[in-house]
Amino acid sequence: MTTPPIKPIKHFLQFSDFTLPEFEYLIERAHLIKRRFKNYELHHPLVDRTLVMVFEKNSTRTRLSFEAGMHQLGGAAIYLNTRDSQLGRGEPVEDAGQVMSRMCDVIMVRTFGQDIIERFAANSRVPVINGLTNEHHPCQVLADVFTFIEHRGSIAGKTVAWIGDANNMLYSWLQAAEVFGFHVNISTPKGYDIDPARVDPGNRRYTVFDNPSDACQGVHLVTTDVWTSMGFETENAVRLAAFDGWIVDGAKMARAAPEALFMHCLPAHRGEEVAAEVIDGPQSVVWDEAENRLHVQKALLEYLVLGRLD
Ligand code: CP
Ligand code: NVA
């Protein structure tokens, strides 16, 4: 008797792990799941399933959206952090992957280097989701693309301005640009530039601008993020000085298309990377972005655990 081939486990470690048809499916499911949630309709496809969430960095939105989302899908979520788990006492990440994946159905990890989550996933029997690493934040960009589509329809052919640090969010945006077929105008201060070695060599979907206002010219979405990401706090004072001029303010938004949206993954620092008039203004969709983490991740959890349901 021949043994059936073992189905490879699907992980979501970076945006490019999924194809356009997979994202189209997820977006369709997220719309449906959101509609049911708003109507208080029970949707319990993950009864008796367990999500383990491993946090090596702080979080509000990611923890809340995964924990509430898993509960709303009929399953359970367990929160672990470095301080309380054996990871904080040096247990190898490979061993943690082996053990956790024998006790649960899906795992979310927020950690430092991308290599850590890759080593974890390589030792996991169940799907692993990237809840943010130094290099990527794919769940947030999935929520952001979904939010754009909700407000403006297809993102294909549109232009997004990225103003600020070349951080994890930017690299996930660049992967999304390749998958969905949109363009990214990037402006970062000197010394904080994008590293082309970290972008797919075939990616022609971005243009670099020295002047942040020029990067906003005619775009459909302006987005930014903190100047100092988690793990880089010792650089904060130097960064504050280096990023002077890169604030997204009313003048920069005025260079964008009249119907342009503003996004920020949050948490934000008003008066640093974004002016209050923008983040609290009529073009801002930051609260929708935050809420949509819940809906897209519920679609993601459902897909990774159960596969396509149509
Ligand atoms: N945007 C985001 O990931 O927020 P948290 O750090 O609060 O999870
Ligand atoms: N770039 C930020 C995103 C926080 C959600 C960070 O990594 O800290």
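The values are calculated or read from the model by the stated rules, or taken from the named source; none is laboratory data. Predicted, not measured: the structure shown is a model, and the values here were computed from it. For neighbour counting, all protein chains shown are included, and Cβ atoms are generated from backbone atoms with ideal geometry for every residue, glycine included.
Numerical summary
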quantity: Every residue from segment 100-115 that is part of a strand (DSSP E or B) and within 16 Å of ligand 2 (Cβ to nearest atom); calculated: M108, V109, R110
quantity: Condition check for T50: of a type in the set (V, I, T), over 22 Å from Q98 (Cα atoms), surrounded by 15 or more Cβ atoms within 10 Å (Cβ to Cβ) and touching a residue at least 24 places away in the same chain (Cβ under 8 Å); calculated: no
quantity: Qualifying residues in segment 258-303 (those that are of a type in the set (G, A, S) and buried (at least 16 other Cβ atoms within 10 Å of the Cβ)) - the one farthest from ligand 2 (Cβ to nearest atom); calculated: A260
quantity: Residue that is nearest to I116 (Cα to Cα), among those in segment 39-58 that are away from ligand 1 (no atom under 16 Å from the Cβ) and under 23 Å from the mean Cα position of the chain (by Cα); calculated: V52
quantity: Selected residue [in contact (Cβ under 8 Å) with a residue 24 or more places away in the chain and part of a helix (DSSP H, G or I)] from I78, I27; calculated: I27
quantity: Counted residues, segment 216-245 - those being over 22 Å from the mean Cα position of the chain (by Cα) and under 16 Å from Y192 (Cβ atoms); calculated: 12
quantity: Enumerated helices (runs of 4 or more DSSP H) restricted to segment 218-310, each holding at least 2 residues that are polar (S, T, N, Q), within 16 Å of ligand 1 (Cβ to nearest atom) and under 21 Å from H136 (Cβ atoms); calculated: 286-306
quantity: Whichever residue in segment 121-164 is hydroxyl-bearing (S, T, Y) and either within 15 Å of ligand 1 (Cβ to nearest atom) or touching a Leu at 6+ places or on another chain (Cβ under 6 Å) (or both) and, among such residues, is nearest to I107 (Cα to Cα); calculated: T133
quantity: Filter result for D225 (charged (D, E, K, R) and touching a residue at least 40 places away in the same chain (Cβ under 8 Å)); calculated: yes
quantity: Subset of segment 223-281 (residues that are within 30 Å of G153 (Cα to Cα), among the acidic types (D, E) and in contact with a Ser or Thr (Cβ under 8 Å, 6 or more places away or on another chain)); calculated: E273
quantity: Selection from segment 152-173 of residues that are more than 14 Å from ligand 2 (Cβ to nearest atom) and surrounded by 19 or more Cβ atoms within 10 Å (Cβ to Cβ); calculated: I155, K158, T159, V160, A161
quantity: Some residue of segment 60-72 being more than 16 Å from ligand 2 (Cβ to nearest atom) and in a loop (DSSP other than H, G, I, E, B); calculated: no
quantity: Pair list, Cβ under 7 Å, 6 or more apart: segment 129-140 residue more than 13 Å from E118 (Cβ to Cβ) and modelled with pLDDT of 95 or more, other residue near ligand 2 (Cβ under 7 Å from one of its atoms) and assigned to a helix (DSSP H, G or I); calculated: L132/N168; H137/N168; H137/M169; Q140/M169
quantity: Test set (1) charged (D, E, K, R); (2) part of a helix (DSSP H, G or I); (3) farther than 28 Å from L221 by Cβ; (4) out of contact with any Leu (no Cβ under 8 Å at 6 or more places or on another chain) - E118 fails condition number; calculated: (4)
